[in-house]
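The values are calculated or read from the model by the stated rules, or taken from the named source; none is laboratory data. Remember, predicted model here, so these are calculated numbers, not experimental data. Positions of Cβ are generated from backbone atoms using ideal geometry, with glycine treated the same way; all protein chains shown enter the neighbour counts. Heavy atoms of the whole protein, side chains included, go into the accessibility calculation; ligands, DNA and RNA do not. Shrake-Rupley method; radii C 1.70, N 1.55, O 1.52, S 1.80 Å.
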Amino acid sequence: MATILLTGGLGFIGSHTAVELIALGHEVIIVDNLSNSRIEVLEGIEKISGVKPVFENKDVSNKLDIEQLCSKYKFDGCIHFAAYKAVGESVNKPLEYYQNNIASLVYLLQVFRDKGFSNFIFSSSCTVYGQADEMPITEDAPVKPAESPYGNTKQIGEEIIQEAIKAHSDLNAISLRYFNPIGAHESSEIGELPLGVPLNLVPYITQTAAGIRKELKVFGNDYPTPDGTAIRDYIHVVDLAKAHVKALDRLMKHENNDPYEVFNLGTGKGSSVLEAINSFEKVSGEKLNWTFAPRRAGDVIEAYADTTKANEVLGWKAEKNIEDCMRDAWRWQQKLGK
Ligand code: UFG
């Protein structure tokens, strides 16, 4: 059994990962400042796993908080989820994004180095590829100039980790580049909790079907894709959570070839916005109210992963398809109600 620090562990991906780690008998210490999450998520995790993880209401962009945490517990690893993640907001609040996303990472790495802790997993994003020249996207595809401060925090974050590892041989890390995480736990005890009007497609779909939003706007119908709408690789959050466990295991067992590795996490299959809507309508039996709207600034045409590296090296493969995702997202929305 290992003791794992989950920063942002009450968030969407963090909470699902907590469940998977607990299922394998690990001790999970969740640190979260509740800036974009709710304390009730802790009960959801407990209902599923039968274990209430230790919760520390602290801010990982405050070095003192991290020092206190790392003095209180001896961590065998860390999965660093805590970060601001709204692309549009980051354009208006770049300094807050750099402060929150970068300071937390630097402090965590400093304290981990000083304490002699290792095994660090970083939440990165397929946004680092921008509009990739070739599909599917492999880990070797070039990192393109970031389109937003948010995207830049992921690129800079990866560079910081790489350089820290070069200088400090006790540190090791894996960056996981997520494609589009959606869905919810099939128990409906935990799921995505967007604050206010959702910015992402699937919560907007489920809220529209639930009558909270009037109409979904499909951004762009003139993309060079078969149906004219943009293509993404939608991955079930439980599949994504399982990949974190595999990555952590690889570091803890010293199976990594390199002290710093990068993996794409997606299904390998691209779906257009219209295909996503069709999948939702099929599994929910609901007719969705939607209309075409102009393209959204900053959106890429298509992004889907080549998952060969994660399949072969991590021994991980996404098991759920977009219909499973939509079914679980809809069940979760129905539980949340209006
Ligand atoms: N979309 C709509 N209507 C909406 C919301 C989204 O048509 O109301 C479309 C978007 O234009 C896009 C697709 O649905 O074509 C997916 O959009 P999301 O906002 O759900 O996801 P993104 O691909 O834009 O963003 C996600 C993550 C980001 C990450 C990015 C990397 O949310 O954190 O992938 O590409 F940076």
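Tally time: how many residues in the stretch 151-178 are within 25 Å of Val245 (Cα to Cα) and either within 16 Å of the ligand (Cβ to nearest atom) or without any contact (Cβ under 8 Å) to a residue 60 or more places away in the chain (or both)?
Total satisfying the criteria: 18.
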Considering the stretch 133-180 alone, what residues qualify as being part of a loop (DSSP other than H, G, I, E, B) and under 19 Å from Phe112 (Cβ atoms)?
His168, Ser169, Asp170, Leu171, Asn172
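Checking the conditions here, which among Ala329, Ala310 is out of contact with any Ser or Thr (no Cβ under 8 Å at 6 or more places or on another chain), surrounded by 16 or more Cβ atoms within 10 Å (Cβ to Cβ) and outside any loop (DSSP other than H, G, I, E, B)?
Sole residue among the options that is out of contact with any Ser or Thr (no Cβ under 8 Å at 6 or more places or on another chain), surrounded by 16 or more Cβ atoms within 10 Å (Cβ to Cβ) and outside any loop (DSSP other than H, G, I, E, B): Ala310.
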Which is at pLDDT below 95 and open to solvent by 20 Å² or more (accessible area, probe 1.4 Å), of Val87, Val54, Val106?
Val87
Being without any contact (Cβ under 8 Å) to a residue 60 or more places away in the chain, over 19 Å from the mean Cα position of the chain (by Cα) and surrounded by fewer than 17 Cβ atoms within 10 Å (Cβ to Cβ): is that true of Pro294 here?
no
Could you please find all residues in the stretch 209-238 being within 12 Å of the ligand (Cβ to nearest atom), more than 22 Å from Ala305 (Cβ to Cβ) and open to solvent by less than 50 Å² (accessible area, probe 1.4 Å)?
Leu216, Val218, Gly228
Can you say whether Leu64 is hydrophobic (A, V, I, L, M, F, W, C), without any contact (Cβ under 8 Å) to a residue 24 or more places away in the chain, surrounded by fewer than 22 Cβ atoms within 10 Å (Cβ to Cβ) and not in a strand (DSSP E or B), as far as the supplied structure shows?
yes
Failed condition for Ala82, given (1) open to solvent by 20 Å² or more (accessible area, probe 1.4 Å); (2) more than 16 Å from the chain's Cα centre (by Cα); (3) in contact (Cβ under 8 Å) with a residue 40 or more places away in the chain
(2)
Among the candidates Ser35, Ser49, residue that is in contact with a helix residue (DSSP H, G or I) (Cβ under 8 Å, 6 or more places away or on another chain), surrounded by fewer than 19 Cβ atoms within 10 Å (Cβ to Cβ) and of a type in the set (Ser, Thr, Tyr):
Ser49
Neighbours by Cβ (under 6 Å, 6+ apart or cross-chain): first from the stretch 9-21, over 10 Å from Asp32 (Cβ atoms) and modelled with pLDDT of 95 or more; second among the charged types (D, E, K, R) and part of a helix (DSSP H, G or I):
Glu20/Lys242
